[in-house]
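What follows is a short report on a single structure.
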Amino acid sequence: MKKTIGLFLAGALTLAMTACSGATPAATTSGAAGTGKKALTDIVVGFAQVGAESGWRTANTKDIQDSFKTAGIQLKFSDAQQKQENQIKAIRSYIQQQVDYIAFSPVVQTGWDAVLGEAKAAGIPVLLTDRAVDSKDTSLYVTFLGSDFVLEGKKAGEWLVEQYKDKTDPVSIVQLEGTTGSAPAIDRATGFADAIKAESKFKVVASQTGDFTRAGGKQVMEAMLKSQKSIDVVYAHNDDMGLGAIEAIEAAGKVPGKDIKIITVDAVKDGMTALSEGKINFIVECSPLLGKQMIEIVTKLNNGETVPARIVTEETTFTQEQAKAALPDRKY
Ligand code: GYE
């Protein structure tokens, strides 16, 4: 399924004129005036970020800001501090300011139809970055650029299955969930559950949100260490919560990575460092570097070209050995 900016802006006219003009020049010249195209320096994108809850998020924000600076496209940035109402306010203000595009990473999946309908009515194309919405009306956004979170959860579960393949005793797992209602928390839980469900020895004995923060992960882990008889494995939906859990485990006199195995998602520097030190056992990568692809999408739409409705980020996984090798070149 393809969508085009033509649906939102001058539509057929823009496309027809672009098509008739033959080879499309780069949109950096003002010669594009009249075709609906803008010089890149005249484009304004309003970006409503989730917050600054994790190392991943900080790297994501930096990458987006740097990429826009390099491309010379204007970026209006807002930080919603993990609150949906703040994101909705930011989007409304971008609509009022008549920006050319709105990009946002929805903190939770539901509750966006009204404000996205307002953007659509104003003719402003919306790009979903990093997280998805669960709206049935897919005409409310042009594309969704981000990871396959179900696959990430599956990779975490598959590693566990492989690690414990020769064991028959029950394996007690605790799950530190991301922000309740967010796409990565929902999907990473689903993918993981799916991967381990065939073997009854795996038991998720407790599962609670740590809101993707280090403090949240620490607090939840402290409580779980008290309430659970024994814990073999921690599955944290991001590195930060895993790092918080490590603090709690060490404070309880146990050795993270040995007494309790830890699996996380993200592969940011602090997570990779803990992995290379043996405190985390396995990390599923989730790349925060979405800036360059956002620029490509905006440039294509500005040129009247189509973009895929879904763009999936490529990512890998890391064992302790692989983390040691990758760390020196890790950019975030
Ligand atoms: O894994 C986590 C962050 O949405 C993929 O949000 C992102 C997640 C990421 O807070 O660290």
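Quick notes
- Accessible area per residue for the chain, computed on protein heavy atoms with a 1.4 Å probe, is 44 Å².
- Share antiparallel - DSSP beta bridges, the chain, percent rounded to 5: 10
- Here's how it looks for ARG310: its modeled amide H is under 5 Å from those of PHE144, which are all 5 or more places away or on a different chain.
- Under-5 Å amide H pairs with ILE262, H placed in peptide plane, nonlocal only: VAL234, GLY257, ASN281, PHE282
- Cα-centred dipole magnitude for segment 149-286, charges only on beta-carbon of K, R (+1) and D, E (-1), debye, nearest 20: 380
- For the chain, a Gaussian network of Cα nodes joined below 10 Å ranks VAL133, VAL255, VAL220 by mean-square fluctuation, and the top entry is VAL255.
- Anisotropy class of segment 31-160 from Cα gyration tensor, a/c 1.5 cut: prolate
- Note on the chain: with a GNM built from Cα contacts shorter than 10 Å, the maximum mean-square fluctuation among ALA236, ALA189, ALA274 falls on ALA274.
- Heavy-atom surface analysis with a 1.4 Å probe gives segment 149-286 a carbon and sulfur content of 50 percent of its accessible area.
- Nearest-20 debye value, the chain charge dipole, Cβ charges on Lys, Arg, Asp, Glu: 360
- Gain on full stretching of the segment that runs from ASP329 to GLN98 - 0.36 nm per residue minus C-alpha separation: 79.1 nm
- Modelled FRET efficiency - R0 56 Å, LYS76 with LYS229, Cβ distances, 0.05 increments: 0.60
- With 10 Å bins from 0: P(r) over the chain, alpha-carbon pairs, percent: 6, 25, 30, 20, 13, 5, 1, 0
- When only the Cβ of Lys, Arg, Asp and Glu is charged (+1, +1, -1, -1), the dipole of segment 119-194 relative to its Cα centre reaches about 220 debye.
- Pairs from LYS197/LYS218; LYS269/LYS324; LYS89/LYS300 whose Cα-Cα separation, in the structure shown, is over 22 Å: LYS197/LYS218; LYS89/LYS300
- Look at the dipole of the chain built from charges on Cβ: of PRO288, GLN163, LEU151, the Cα furthest out on the positive end belongs to PRO288.
- With respect to the chain, whose longest principal axis is taken over its alpha-carbon atoms, helix 291-302 is tilted by about 30°.
- Residues whose amide H falls under 5 Å from that of GLN175, counting only those 5 or more places apart or on a different chain, are ALA206, SER207, GLN208, TYR235, with hydrogens built in the peptide plane.
- Acute angle (nearest 10 degrees) that the helix 214-227 long axis makes with the longest principal axis of the chain, alpha-carbon atoms: 30
- Segment VAL44..VAL255, full-extension length gain: 71.0 nm, with 0.36 nm per residue of separation and the alpha-carbon distance subtracted.
- Quarter the surface of the alpha carbon convex hull of segment 149-286 and you get the mean projected area, 7.1 square nanometres.
- Per-residue ellipticity at 222 nm, computed for the chain from helices alone with -39500 (n - 2.57) per DSSP H run of at least four residues, works out to -12000 deg cm²/dmol.
- Listed pairs LYS165/LYS261; LYS76/LYS136; LYS38/LYS76; LYS38/LYS136 exceeding 26 Å between Cα atoms: LYS76/LYS136; LYS38/LYS136
- Phi to ³J(HN,Hα) by Karplus 6.51 cos²θ - 1.76 cosθ + 1.60 over segment 264-276, Hz, x for Gly, Pro: 9, 10, 2, 6, 7, 3, 4, x, 5, 5, 4, 5, 5
- Each residue of segment 100-111 was assigned a 3J(HN,Hα) from its phi angle through the Karplus curve 6.51 cos²θ - 1.76 cosθ + 1.60 (θ = phi - 60°); the sequence is 7, 9, 10, 10, 7, 10, x, 4, 10, 7, 9, x Hz, with glycine and proline shown as x.
- Of the GluC sites (Glu not before Pro) found in segment 224-332, the ones in coil according to DSSP and having at most 12 other Cβ atoms within 10 Å of their Cβ are GLU314.
- Between ALA48, ALA223, ALA185, the Gaussian network model of the chain with springs among Cα atoms under 10 angstrom shows the greatest mean-square fluctuation at ALA223.
- Distance between segment 191-259 and segment 116-160 - C-alpha centres, whole angstrom: 27
The values are calculated or read from the model by the stated rules, or taken from the named source; none is laboratory data. Nothing here was measured: the structure is a model prediction, and the numbers come from that model. Glycine also receives a Cβ, built like all others from the backbone with ideal geometry; neighbour counts cover every protein chain displayed. SASA here: full protein model, heavy atoms, side chains in, ligands and nucleic acids out. Shrake-Rupley method; radii C 1.70, N 1.55, O 1.52, S 1.80 Å.
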